[in-house]
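Structure first, commentary second.
The numbers here are math on the coordinates, done by the rules we state, and not lab data. The shown structure was predicted, so the numbers you read here are calculated from the model rather than taken from an experiment. A quick note on method: Cβ atoms are made from the backbone with ideal geometry, for glycine too, and the neighbour counts reach across all protein chains shown.
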Amino acid sequence: MNVESRPISYSGGHTLMHFSDNMKESVYYHYSPTYRYSFGIESLDDKILNTSNSYLRFTYLLNRKNTKNAQRNLYFQSGLANKDNNNFYGIHGDWETRRYFVGFNYKEVKNIIDYTDKHIQFGVAPYLGEYDDFHTWLMLKTKKNSINNKQITYPMLKFFKGNVLLELGYDKKTDWDIHLMYRF
């Protein structure tokens with residue numbers, strides 16, 4: 001989720017996510033039997049290859065470190081499509097304090113055309129809220145894929161309160177980059 005925020009929620013939790021950017025439009029649901037892993041299903045429209053697939057997804061928490069002032073997470077992610085032997089795997093992670101955020105994602109996609117998709121994101125909170133307050137992050141995201149091999153950097157805003165998270169970014173070359181997440 002990445003934030004990307006935590007793609008794995010609390011034990012017994014459900015998460016519904018929507019992603020939209022220049023490469024894909026996706027709706028993803030997952031269930032977390034424990035805090036260590038989740039499994040779910042994703043419906044994905046690939047805007048580059050003009051294809052649609054449903055993926056069975058699995059995410060596993062490889063490492064988490066909590067300290068008094070920060071948290072670090074590292075995840076393995078994977079998906080197996082319903083047709084054409086499409087699949088993906090990768091890693092993503094983040095480190096954050098109440099004020100600063102750094103996150104990354106690296107994904108290998110095996111499809112009609114094999115490609116890599118990666119990004120890194122930096123953020124700062126302009127104010128520090130309490131646990132259940134409305135939170136805001138000012139972020140900068142840079143991403144690159146091996147299809148067009150161009151690096152694009154643009155600003156993003158991240159908002160969350162309780163179980164709802166929204167990330168919005170825009171670049172005239174890539175249009176909107178949106179991530180909406182709800183945990184229940």
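A few comments on the model shown:
- Candidate set from region 124-137 (those that are closer than 14 Å to LEU166 by Cβ and not polar (S, T, N, Q)); member that is surrounded by the fewest Cβ atoms within 10 Å (Cβ to Cβ): PHE134
- In region 154-184, the residues that are within 24 Å of ASP46 (Cβ to Cβ), touching a Lys or Arg at 6+ places or on another chain (Cβ under 9 Å) and loosely packed, with under 13 Cβ neighbours inside 10 Å: LYS173
- Unique match (being under 18 Å from the mean Cα position of the chain (by Cα), in a strand (DSSP E or B) and touching a residue at least 24 places away in the same chain (Cβ under 8 Å)) among THR116, THR136: THR116
- Qualifying position, being aromatic (Phe, Trp, Tyr), touching a Ser or Thr at 6+ places or on another chain (Cβ under 8 Å), assigned to a strand (DSSP E or B) and touching a residue at least 40 places away in the same chain (Cβ under 8 Å), among TYR106, TYR75: TYR75
- Looking only at region 139-153, and only at residues there that are among the polar types (S, T, N, Q) and in a strand (DSSP E or B), the one that is surrounded by the most Cβ atoms within 10 Å (Cβ to Cβ): ASN145
- In region 46-72, the residues that are within 17 Å of ASP117 (Cα to Cα) and outside any strand (DSSP E or B): LYS47, ILE48, LEU49, ASN50
- Residues of region 78-95 that are surrounded by 15 or more Cβ atoms within 10 Å (Cβ to Cβ) and not in a strand (DSSP E or B): ASN86 alone.
- Checking every residue in region 5-13 against the condition of being out of contact with any Gly (no Cβ under 6 Å at 6 or more places or on another chain), without any contact (Cβ under 8 Å) to a residue 24 or more places away in the chain and under 26 Å from HIS135 (Cβ atoms) gives at least one match.
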